[in-house]
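Derivation of every value follows stated rules applied to the coordinates shown; laboratory data play no part. Computed from a predicted structure; not experimentally measured. Don't worry about glycine lacking a Cβ; one is built from the backbone with ideal geometry, like all the others, and counts go over all protein chains shown.
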Amino acid sequence: MVKKERISGFTSRVLAVVRRIPPGRIATYGDVARMAGRPRAARAVGNIMRNCNRPDVPCHRVVAAGGRLGGYGGNLGLKRSLLRAEGLVVVGSRIREANARRWPGPGP
DNA sequence: CTGCTGACTGGTA
DNA sequence: GTACCAGCCAGCA
């Protein structure tokens, strides 16, 4: 049975933003929070990702700031493989910023 | 309502 | 380079 999920405005917005991330592009929790309308809600975004049981939401494209993978329940190996499969170069839990272009977002 | 947790960030040591 | 601290926000008991 389908469970009724309580999606608040902010949560829905965050999920939508992550879904909008094109392949080969990454966004940090802070960026996602900023696109969702709460530039300081990086933590809240992490909590939402934690519940990201949605295949529509490529949570592996959401990384921590400073080019670090972060999150993913510590399964950085899986995250690293997924990102690498998308054309991003990852070295030791660290994304090569030269190859990792941050998603420009909707733009101001 | 209050309090705690956490897939975060930036700064300082 | 790593370690610790304080601030911010949403979800849940």
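Just one of (1) among the small types (Gly, Ala, Ser); (2) more than 15 Å from DNA strand C (Cβ to nearest atom); (3) closer than 17 Å to A:Tyr29 by Cα trips up A:Ala85, so point out which.
The number of the failed condition is (3).
Against the condition more than 15 Å from DNA strand C (Cβ to nearest atom) and either under 13 Å from the mean Cα position of the chain (by Cα) or in contact (Cβ under 8 Å) with a residue 12 or more places away in the chain (or both), how does A:Gly71 come out, does it pass? Walk me through how you get there before you give the answer.
Numbers: more than 15 Å from DNA strand C (Cβ to nearest atom): no; either under 13 Å from the mean Cα position of the chain (by Cα) or in contact (Cβ under 8 Å) with a residue 12 or more places away in the chain (or both): yes.
No: the conditions fail for A:Gly71.
Being in contact with a Lys or Arg (Cβ under 6 Å, 6 or more places away or on another chain) and touching a residue at least 40 places away in the same chain (Cβ under 8 Å) is the filter here; which residues of the stretch A:74-108 pass it?
A:Trp103
Would you say A:Ala44 is aliphatic (A, V, I, L, M) and either in contact with a Leu (Cβ under 7 Å, 6 or more places away or on another chain) or closer than 16 Å to A:Gly105 by Cα (or both)?
Working: aliphatic (A, V, I, L, M): yes; either in contact with a Leu (Cβ under 7 Å, 6 or more places away or on another chain) or closer than 16 Å to A:Gly105 by Cα (or both): no.
Taking the combined requirement at face value, the residue does not satisfy it.
Give me the helices (runs of 4 or more DSSP H) completely within the stretch A:1-96, filtered to those with at least 1 residues that are β-branched (Val, Ile, Thr) and surrounded by fewer than 20 Cβ atoms within 10 Å (Cβ to Cβ), ordered by residue number.
Passing ranges, in order: A:9-19.
Read through the list (1) in contact with a strand residue (DSSP E or B) (Cβ under 8 Å, 6 or more places away or on another chain); (2) more than 9 Å from DNA strand C (Cβ to nearest atom), then give the number of the only condition that A:Val45 fails.
(2)
List the number of the failed condition for A:Ala64; all other conditions in (1) small (Gly, Ala, Ser); (2) touching a Leu at 6+ places or on another chain (Cβ under 7 Å); (3) farther than 12 Å from A:Arg25 by Cα hold.
(2)
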